[in-house]
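Working notes, beginning with the structure itself.
The values are calculated or read from the model by the stated rules, or taken from the named source; none is laboratory data. Small disclaimer: the values here were computed from a predicted structure and weren't measured. Ideal geometry is used to build each Cβ from the backbone, glycine not excepted, and the neighbour counts take in all protein chains shown. Only protein heavy atoms, including side chains, enter the accessible area calculation; ligands, DNA and RNA are left aside. Shrake-Rupley method; radii C 1.70, N 1.55, O 1.52, S 1.80 Å.
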Amino acid sequence: MYSKAKLILHPVRMKIVQTLIGSRELNVQQIAQKLTDVPQATLYRHLNKLVEAEVIRVVKENQIRGTIEKIYSLAEEEISGKEELENVTREEHLTLFLTFMTHLLGKYESYLNQEQIDLYKDGVGFREALVYLSDEEFQEFAQELSTLMKKVIEKEPTKNRKARHIVSIFIPEPRK
């Protein structure tokens with residue numbers, strides 16, 4: 001279980017998974033159009049790793065001029081779940097979280113290292129809020145946030161749309 005989560009946290013594989021979120025079914029060319037910074041050979045290699053790990057699956061195969069075009073989809077039920085979370089040790093959770101945070105730091109550093117930045121115009125922000133919710137209220141909030149995220153994730157790139165990373169992390173306060 002830990003190896004699957006660790007597998008997904010690789011920057012290229014994370015981009016592939018993010019591209020397929022929202023029940024998308026895409027072929028290699030469509031994925032490559034969204035991941036212009038990933039060479040095609042690298043893309044194929046990471047797609048194969050994700051298929052082998054059952055993180056994504058081939059949902060269709062189309063015969064096109066003597067070759068087979070594969071259509072990929074996210075195997076969402078394979079990525080998360082109570083059983084998978086319970087099988088990861090505390091140390092593995094911390095390692096995964098540190099890897100995730102390192103990935104975010106890299107993204108932010110890349111943004112800041114650009115020659116021209118406009119924090120306000122680009123919508124850069126990060127914040128933390130301590131909220132008090134019952135388990136039911138929290139589940140309702142998480143579901144509403146998931147619905148809202150899915151709505152914006154499904155928007156296709158256009159010349160007027162900038163790629164933006166939106167991250168959510170839920171950490172309960174330690175029990176007293």
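Compute the long axis of helix 135-153 from its Cα atoms, compare it with the longest principal axis of the Cα atoms of the chain, and write down the angle in degrees, 0 to 90, nearest 10.
Orientation of helix 135-153: about 40 degrees from the principal axis.
Counting Lys and Arg as +1 and Asp and Glu as -1, each charge on the Cβ, what is the dipole of the chain about the Cα centre in debye, to the nearest 20?
Approximately 780 debye in magnitude.
Counting only heavy atoms of protein chains, what accessible area per residue, in Å², does the chain have with a probe of 1.4 Å? The partial results should precede the final answer.
Working: 13800 Å² over 176 residues.
I get 78 Å² per residue for this part.
Percent relative contact order of region 22-131, based on C-alpha pairs within less than 8 angstrom and at least six residues apart?
Details: 65 pairs, mean separation 22.6, N = 110.
That works out to 21 percent.
Using a 10 Å cut-off on Cβ atoms, rank the peptides 86-94, 43-51 from the highest mean neighbour count down.
So the peptides 86-94, 43-51, ranked by packing, come out 43-51, 86-94.
Helix 40-52 against the longest principal axis of the chain: what's the angle in degrees, Cα atoms only, rounded to the nearest 10?
70 degrees
Of the listed values (i) 18.6; (ii) 23.2; (iii) 16.5, grab the one calculated as Kirkwood radius over Cα pairs in Å from the structure here.
Matching entry in (i) 18.6; (ii) 23.2; (iii) 16.5: (i).
By average Cβ neighbour count within 10 Å, what is the ranking of 115-127, 52-64 from highest down?
Ranked by mean Cβ neighbours within 10 Å, highest first: 52-64, 115-127.
For the chain, modelled as a Gaussian network with Cα springs under 10 Å, which listed residue fluctuates most, Thr99, Thr67, Thr19?
Ranking Thr99, Thr67, Thr19 by mean-square fluctuation puts Thr67 first.
Return the whole-Å distance between the Cα centroid of region 122-148 and the Cα centroid of region 2-43.
Value for the Cα centre distance between the two parts: 26 Å.
Could you put Leu130, Leu7 in order of accessible surface area, largest first, with the 1.4 Å probe and the full protein assembly present?
Numbers: Leu130 110, Leu7 35 Å².
These residues rank, largest area first, as Leu130, Leu7.
Place the peptides 31-42, 156-167 in order of packing, highest mean first, counting for every residue the other Cβ atoms within 10 Å and averaging per peptide.
Working: 31-42: 13.2, 156-167: 8.0.
The densest-packed peptide leads the list: 31-42, 156-167.
Provide the FRET efficiency to the nearest 0.05 for the Leu98-Ala32 pair, computing r from the beta carbons and using R0 = 25 Å. Write down the numbers at each step before the final one.
On the way: r = 30 Å, r/R0 = 1.21.
The value I calculate is 0.25.
Quantify, in whole percent, the carbon and sulfur part of the accessible surface of region 41-176 (1.4 Å probe; protein heavy atoms only). Intermediate results must be reported in sequence, preceding the final value.
Working: 6240 of 11830 Å².
That share works out to 53 percent.
Per DSSP H run of at least 4 residues, take -39500 (n - 2.57); add these up for the chain, divide by its residues and hand me the 222 nm value, nearest 500 deg cm²/dmol.
Details: 8 runs with 88 residues, N = 176.
Mean residue ellipticity at 222 nm (helix-derived): -15000 deg cm²/dmol.
Report, by chain and number, residues whose modeled amide H sits under 5 Å from the one on Val59, excluding near sequence neighbours (fewer than 5 apart, same chain).
Result for Val59 returns Ile71, Tyr72, Ser73.
Taking Lys151 as the anchor, which lysines have their alpha carbon closer than 30 Å to its alpha carbon, excluding any fewer than eight residues away along the same chain?
Those lysines meeting the cut-off are Lys4, Lys6, Lys15, Lys34, Lys49, Lys60, Lys70, Lys82, Lys107, Lys121, Lys159, Lys162.
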